[in-house]
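Below is one structure, written out as structure tokens; the observations come after it.
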Amino acid sequence: MDSTGDSLSGRGLKCGEKICLAAFPVLAIVELLFIAFSGCFNCASSSSSDGENQRKKLRYTFEDSVRLSRESRFSVNDIEALYELFKKVSSSIIDDGLIHKEELQLALFRSAHFQNLFLDRVFDLFDEKRNGVIEFEEFIHALNVFHPLASIEEKIEFAFKLYDLRQTGYIEREEVKQMVIAILSESGVQLSDELLEQIVDKGK
């Protein structure tokens, strides 16, 4: 945080170290989300006839897969596997080829009927166009941050945006507190106000 103790700036090595410390739990959780997605690769395959029927519905061609592979760290095979997964998630509630927030929530947390600030922030960062849905290219762009070859700087930047609830370029103490509460709530953990304050103050 800055000298007033009220906010964190996104610039400077010292500040970057603070962000890394504060963001570590978030990075771990989001990487677990990526693992949850990638773990579905094997279950994305189907019979040859089903696969042919699915292929007829594809919006993305092989050339699109090649292009997305060049724009990311994923191989063409990875892109195709992720697209199969994307189709399953995007058709879980509304079969329109787009992931709605409830569908992402259902895929990650097995429920579409609760609100969580952490999920809201993850969805907002995936939704590059800010149109309330996640398109496949946005899906790839977001997951690219958590590829094994992605740098820690990219992950810290993602985590910084996750905490920067008001999108001011600074992380305020209250924003950190809100995110910590949301993350702990998702894990079913409840802490006393005193202990919560101690956790938040570690970012100072």
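The values are calculated or read from the model by the stated rules, or taken from the named source; none is laboratory data. In this text, all values refer to a predicted model and were calculated from it rather than measured experimentally. Every residue, glycine among them, receives a Cβ derived from its backbone with ideal geometry; neighbour counts consider all protein chains shown.
When you look at residue 152, is it under 14 Å from the mean Cα position of the chain (by Cα) and of a type outside the set (Lys, Arg), yes or no?
No.
Do we have any residue at all in the range 192-201 that's of a type outside the set (Val, Ile, Thr) and within 27 Å of residue 72 (Cβ to Cβ)?
Looking for residues that are of a type outside the set (Val, Ile, Thr) and within 27 Å of residue 72 (Cβ to Cβ), one finds none in the range 192-201, hence no.
Going through 136, 109, 126 one at a time, which residue ends up being at negative phi, touching a residue at least 60 places away in the same chain (Cβ under 8 Å) and surrounded by 18 or more Cβ atoms within 10 Å (Cβ to Cβ)?
When all the criteria are applied, what remains is 136.
Within the group 131, 77, 144, which residue is buried (at least 16 other Cβ atoms within 10 Å of the Cβ), out of contact with any Leu (no Cβ under 8 Å at 6 or more places or on another chain) and of a type outside the set (Phe, Trp, Tyr)?
Result of the check over 131, 77, 144: 144.
Being more than 17 Å from residue 135 (Cβ to Cβ), part of a helix (DSSP H, G or I) and modelled with pLDDT of 95 or more: is that true of residue 70 here?
For residue 70, the condition - more than 17 Å from residue 135 (Cβ to Cβ), part of a helix (DSSP H, G or I) and modelled with pLDDT of 95 or more - is met.
Would you pick out the residues in the range 115-150 that are assigned to a helix (DSSP H, G or I) and either under 30 Å from residue 201 (Cβ atoms) or aliphatic (A, V, I, L, M) (or both)?
117, 118, 119, 120, 121, 122, 123, 124, 125, 140, 142, 143
With (1) surrounded by fewer than 20 Cβ atoms within 10 Å (Cβ to Cβ); (2) over 23 Å from residue 199 (Cβ atoms) as the list, and residue 116 as the residue in question, which single condition is left unmet?
Evaluating residue 116 over (1) surrounded by fewer than 20 Cβ atoms within 10 Å (Cβ to Cβ); (2) over 23 Å from residue 199 (Cβ atoms) leaves (2) as the failure.
Do you know which residues across the range 151-204 are hydrophobic (A, V, I, L, M, F, W, C), assigned to a loop (DSSP other than H, G, I, E, B) and either touching a strand residue (DSSP E or B) at 6+ places or on another chain (Cβ under 9 Å) or buried (at least 16 other Cβ atoms within 10 Å of the Cβ) (or both)?
If the condition is that a residue be hydrophobic (A, V, I, L, M, F, W, C), assigned to a loop (DSSP other than H, G, I, E, B) and either touching a strand residue (DSSP E or B) at 6+ places or on another chain (Cβ under 9 Å) or buried (at least 16 other Cβ atoms within 10 Å of the Cβ) (or both), then 165 is the only one that fits.
Quick grid of which residues meet (1) free of Cβ contacts under 8 Å to residues at least 60 places away in the same chain; (2) under 22 Å from residue 109 (Cβ atoms); (3) in contact with a helix residue (DSSP H, G or I) (Cβ under 9 Å, 6 or more places away or on another chain):
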site	(1), (2), (3)
166	yes, no, yes
182	no, yes, yes
191	yes, yes, yes
195	yes, no, no
198	yes, no, no
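Taking the range 120-147 as the region of interest, how many residues are more than 11 Å from residue 72 (Cα to Cα) and aliphatic (A, V, I, L, M)?
Residues meeting the conditions: 4.
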